[in-house]
1. When residue 32 is evaluated against the numbered criteria (1) surrounded by 14 or more Cβ atoms within 10 Å (Cβ to Cβ); (2) over 12 Å from the mean Cα position of the chain (by Cα); (3) at pLDDT 95 or above, which criterion, by number, is the only one it fails?
2. Which of the residues belonging to region 39-79 are more than 14 Å from the chain's Cα centre (by Cα) and not in a helix (DSSP H, G or I)?
3. So, residue 64, is that one farther than 19 Å from residue 4 by Cα, surrounded by 14 or more Cβ atoms within 10 Å (Cβ to Cβ) and touching a residue at least 24 places away in the same chain (Cβ under 8 Å) or not?
């Protein structure tokens with residue numbers, strides 16, 4: 001299996017776990033996490049795609065992607081990425 005196959009599988013497990021954790025957070029923190037995650041993925045996306053870098057950098061980039069997708073799942077209509085749809089209800 002290659003990264004193209006494994007990434008959706010890994011995200012389908014990781015994103016719901018992050019959603020469960022984020023449900024307990026205030027809305028402003030969820031939006032902050034979404035922005036921070038986007039910055040990390042934008043600057044470290046090559047590490048996620050091709051590997052390399054410092055030890056743990058691929059895992060950090062993956063976690064930022066999964067956490068960012070989880071945060072975006074709270075937006076109206078949720079988010080679709082790599083054919084996976086994530087949607088969560090924010091309850092105050």
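The values are calculated or read from the model by the stated rules, or taken from the named source; none is laboratory data. What you see is a predicted model, and the numbers here were worked out from it, not measured in a lab. Please note: Cβ atoms are built from the backbone with ideal geometry, for glycine as well, and neighbour counts cover all protein chains shown.
1. Condition not satisfied by residue 32: (1).
2. Scanning region 39-79 gives 51, 52, 53, 54, 55, 56, 76, 77.
3. Taking the combined requirement at face value, the residue does not satisfy it.
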